[in-house]
Amino acid sequence: MAKRNPPLLTASGAKWALLAVLAPVTMLACLGMGRVDLGVGAVVKVLLSAAGWGANPDSFHYTVVFNARLPRSILAVLAGSGLSAAGSALQGCLRNPLVGPQTVGVLAGAGFGGSLMIFFTLHSFWVMAGAFGAGLSTTFFVVWLARKSGPSSVLMLVLSGIVVGTFFAALTTILQYLADPETQLPQLVFWLMGSFSAVTFSKVGWVVLPILAGMIVLFAFAFRLNVLSCGEEEAMALGVPVYRDRAIIIAAVTVICAAVVSVAGIIGWVGLVTPHIARMLFGPDHRRLLPASALIGAIFMVMIDTLCRSITAAELPVGAITAIVGGPVFISLLRRSHAKGWRVD
Amino acid sequence: MSACFNPFSPLRRFLVFQAQLRLGVAAVVLVLAALVVFPASVGAAGEPLVVEDQRGKKIEFNAPVERIITIPMPMASVVMTLDGGSKRLVGMHPSSLKSIEEGLLKRIFPESLSIRADVTRGGTFTPNLESILELHPDVVIQWTQPADLIESLESAGIKVVGLINSPKTQAINEKNLAIVGELLGRRERTGALMDRFHSVMDRIESVTAAIPAKERPRTLYFRSVRDGGMRPAGRKVYQDFWMTLAGGQNVAGGSFEGLETAVNVEQILAWNPEIIFVGAFDNGTPADFMDNPALAEIEAVRNRRVYKLPHGGYRWDPGSHESFLTWMWAAMLTQPNRFDFNLREAIIDAYRFLYNYNLSETEIDEILQMKDNGSMAEYDRFTGKR
């Protein structure tokens, strides 16, 4: 595979065009699927009437599309694109294909924060706030630990993240153990498993800003990420303030992930699988990789969420389905590509 | 004739012997008869008490049990109810204590608030062996599933009576209650409770058994509605049993079993229930349904037929000693044209029998969740003012 074709503008353009068409089509098709039989036609009619065109739709159809499906689909788009962009940025910044949002401890920390609020039977607003706050502070703690042990240590950062993450996961287990089995335990388990089913427009409103802000910061740092992913010494030699940039990127990643956990629980795998798919399709340049990751992540997440809410009467836990679908997809892609897209050096 | 009065005459000795023999035979016959007719009364006089639990295991006690620990959550309240007090209860599950503190029982059995509740590992059903041994119990009442909940206790030499977890039918509920009654030596009182169960069951079943499917409203019971997710009862749970008994049909029953399955708003729209029951274990209320714009199209919401389950001596959702009141309440709401009990009177009467307690009007309102349910359809039948 040593032969390298110069990237054809048309091929790349076709991929972008495909993504650009696929994203809205998937969204529309998924809005048409579910436990209530509607079809795309009814969805289009509802959406058109909401935009001011066409006749008033059936009020039942309106409720299904607007209240039951749209809020969670929007959140799935936000969460999927956010987690996926965050995963891509972390992998580039830490130069390691295996890292994801869980590596810096933010998922476990946010999980513990939210669990603690449920344990004290506080309102769901405080569950969200607790998860968000604890996720942020956990990552800051991890970064501080890594800095303590020497300036240049990506390894220390990853190790501290894993240790602190395991520590908070253990604390969450203790909370599950102490919780009242009739009243609190089911809430804890349900929230931790992750689900978009309790999403409303007001919850979307709470997290849309942090997620979008985090993503904008990541996009703005796309070129710096290219430099960082060449290696620490090279980046320093080029005059990039490595530690400052790394801290900003990790902070942006943390804000995105903590916001997602706070409304939808812990959703693993998206931040690992979709960045790799994007890397295979669009290569290692973060200026293209990050938007591509975000788009693929959004499509992936909306499809997974549609599966979760439609296959059975029971709502399936989204975290488990991302792993079940994502794992085999990931392995087959890896076998076919032989880690293409990681060869920068 | 004088010979007859001679105490040493052979005839006299024969007559005395004959009389003694008759007396002896009569005594033996009487004792045998007593043994046959009154075996229980002999047991009370020091013979061993044998209780067969839900595992089919026979547990023998040499004296009346005086120190009881309950791990299944409703059983603390069952023991106090059947025994008429908390004297013999020395330990219980922390959640049982919480239910006493939150509900009516703190007023009925105030002395139960000081009973120890550290007999489990946290909120689980795993026994805390150290603190159980410290309490020197005569018996521990425990769930039978999973089996290791019992094994650790029995291997430590503690006698365990096993009950079937969260009974899914009335038959299992009654057997659990009967076993506890037997253990307490309260067979008569337990029998009187069973009579109440059976007479209410007959009155409701004789009406609802014949109701065809199309006249049975579609019902849903929610174990939780807020942060725990929307989790309706499926098949094979006690809530499915009483919704069917009351003349409804559990629409989630066709899809899954148990109480742990979460569903989404859209599935509820697809089921379109006519009546919704909101469980008493959860902090959710009818307002969670009435105020949710996504559920505004549901028939139950449009017709204001959403009801919070009552909470008295125990929560009315699962099988307990108060379940016959659950059935009456649910029947009146599910088939309003077919049932017209005086529920308030029935509750007053039941609480006199169960707890020897006279309820105030305010307490009945609290039990019936009048605050949450008062504005719902048909609920004015329970205000006593209609």
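Just so you know, all these numbers are worked out from the coordinates, no wet-lab data involved. All values reported here derive from a predicted model rather than from experimental measurement. Cβ placement follows ideal geometry from the backbone for every residue including glycine, while neighbour counts extend to all protein chains displayed.
Taking the beta-carbon count within 10 Å as an exposure proxy, list A:V325, B:V50, A:V106 from fewest neighbours to most.
Values: A:V325 16, B:V50 11, A:V106 32.
Going from sparsest to densest Cβ surroundings: B:V50, A:V325, A:V106.
Post the alpha-carbon centroid distance, segment B:259-279 to segment A:254-281, in whole angstrom.
Between the Cα centre of segment B:259-279 and that of segment A:254-281, the gap is 30 Å.
With θ set to phi - 60°, apply the Karplus curve 6.51 cos²θ - 1.76 cosθ + 1.60 along segment B:69-80 and write out the HN-Hα couplings as whole Hz, x wherever there is a Gly or Pro.
In residue order, the calculated couplings are 10, 10, 9, x, 4, x, 6, 4, 5, 5, 4, 5 Hz.
What does the charge count around A:A220 come to, taking other residues whose C-beta lies under 12 Å from its C-beta (Lys +1, Arg +1, Asp -1, Glu -1)? If you can, show how the numbers build up before the last one.
Working: positive: A:R224, A:R287; negative: A:D245.
Summing Lys/Arg as +1 and Asp/Glu as -1 gives +1.
If you average the C-alpha positions of segment B:191-235 and of segment B:65-130 separately, how far apart do those two centres end up, in angstrom?
Between the Cα centre of segment B:191-235 and that of segment B:65-130, the gap is 27 Å.
Report, for the protein assembly as shown, the % of DSSP beta bridges that are antiparallel, rounded to 5.
Within the protein assembly as shown, antiparallel bridges account for around 30 percent of the total.
Each residue of segment B:288-293 in order: what ³J(HN,Hα) in whole Hz does its phi give by Karplus 6.51 cos²θ - 1.76 cosθ + 1.60, θ = phi - 60°, with x for Gly and Pro?
Calculated HN-Hα couplings, in order: 4, 8, 5, 9, 8, x Hz.
For a test of the definition: using alpha carbon positions, the gyration tensor, and the 1.5 limit on a/c, classify segment A:1-129 as rounded, prolate or oblate.
Taking the square roots of the gyration eigenvalues as a ≥ b ≥ c, segment A:1-129 is oblate.
Specify the residue with the greatest mean-square fluctuation among B:P336, B:P74, B:P293, computed from a Gaussian network of chain B linking alpha-carbon atoms under 10 Å apart.
B:P293
Calculated from DSSP H runs of 4 or more alone, at -39500 (n - 2.57) each and per residue, what is the 222 nm mean residue ellipticity of chain B, nearest 500?
For chain B, the value works out to -13000 deg cm²/dmol.
Just counting partner chain Cβ atoms within 10 Å, what average do the residues of peptide A:195-205 show around their Cβ?
3
Out of all DSSP beta bridges with both ends in segment B:165-322, state the antiparallel percent to the nearest 5.
Rounded to the nearest five, the antiparallel share is 30 percent.
Taking the number of other C-beta atoms within 10 Å as the exposure measure, put A:F196, A:F119 in order starting with the fewest.
Final ranking by Cβ density, sparse to dense: A:F119, A:F196.
Which value results when the Cα radius of gyration for segment B:49-185 is divided by 2.2 N^0.38 Å?
So segment B:49-185 has a normalised radius of gyration of 0.96.
Report ³J(HN,Hα) in whole Hz for each residue of segment A:206-223, in order, from the Karplus equation J = 6.51 cos²θ - 1.76 cosθ + 1.60 where θ = phi - 60°; Gly and Pro get x.
Residue by residue, segment A:206-223 yields 5, 9, 5, 5, x, 5, 5, 4, x, 5, 4, 4, 4, 4, 5, 9, 4, 5 Hz.
Starting from the Cα of A:A17, step 7 Å along the direction of its Cβ; do the same at A:I324; then give the gap between the two resulting points in nm.
Here the modelled spin labels are 3.8 nm apart.
Count charges around B:R107 for me, please; just the other residues with Cβ under 12 Å from its Cβ, Lys/Arg as +1, Asp/Glu as -1.
The answer is -4.
For labels at A:A213 and A:L178 in the simple 7 Å Cα→Cβ model, what's the distance in nm?
It works out to 3.2 nm between the two label points.
For peptide A:25-37, what's the mean number of Cβ atoms from other chains within 10 Å of each residue's Cβ?
For this peptide, the per-residue mean of nearby foreign Cβ atoms is 2.
Give the residue from B:V225, B:S320, B:L245 lying farthest towards the positive end of the charge dipole for segment B:210-382; charges sit on Cβ (+1 for Lys and Arg, -1 for Asp and Glu) and the dipole is referred to the Cα centre.
B:L245
What is the set of long-range amide H partners of B:V139 at a cut-off below 5 Å, with H atoms built 1.01 Å from backbone N?
Distant-sequence amide H within range of B:V139: B:R67, B:I69.
Considering amide H positions built from the backbone, and no H for Pro or chain starts, which residues 5 or more places from B:E257, or on another chain, come under 5 Å of its amide H?
B:R235
Under 5 Å between amide hydrogens, which residues at least 5 positions from B:I59 or on another chain qualify, with H placed 1.01 Å from N in the peptide plane?
B:V51, B:E52, B:D53
For A:313-319, what's the mean count of beta carbons from other chains sitting within 10 Å of each residue's beta carbon? Present the calculation step by step, with values, prior to reporting the outcome.
Working: counts 14, 12, 10, 2, 2, 0, 0.
Per-residue shielding by partner chains comes out at 6.
How many percent of DSSP beta bridges within chain B run antiparallel, rounded to 5?
On the way: 9 of 30 bridges.
Antiparallel: roughly 30 percent of the beta bridges in chain B.
Which residue, B:I59, B:I141, B:I100, tops the fluctuation ranking in a GNM of chain B built on C-alpha contacts under 10 Å?
B:I59
Can you tell which of B:V65, B:V79, B:V119 shows the greatest fluctuation in a Gaussian network model of chain B with Cα springs below 10 Å?
B:V65
Could you please report the charge total around B:R121, scoring K, R as +1 and D, E as -1 over all other residues with beta-carbon less than 14 angstrom from its beta-carbon?
Residues close to B:R121 contribute a combined charge of -4.
Between B:A296 and B:D148, what length in nm is gained on full extension when 0.36 nm per residue of separation is reduced by their alpha carbon distance?
Between B:A296 and B:D148, full extension yields an extra 48.6 nm.
Could you give the nm distance between label points at A:R336 and A:F201, where each point is 7 Å from its Cα heading toward the beta carbon?
4.0
Under the classification rounded if a/c is under 1.5, otherwise prolate if a/b is larger than b/c and oblate if not, where does chain A fall, given a ≥ b ≥ c as square roots of the Cα gyration tensor eigenvalues?
oblate
Work out, in µm²/s and without decimals, the Stokes-Einstein translational diffusion coefficient of the protein assembly as shown at 20 °C, 1.002 mPa s, Rh from Kirkwood over C-alpha pairs. Don't jump to the answer; show the numbers that get you there.
Numbers: Rh = 29.8 Å.
Diffusion coefficient, whole number: 72 µm²/s.
Indicate the gyration tensor shape class of segment B:210-382 (rounded, prolate or oblate), computed on the Cα atoms with a ≥ b ≥ c the square roots of the eigenvalues: a/c under 1.5 is rounded; otherwise a/b larger than b/c is prolate and the rest oblate.
prolate
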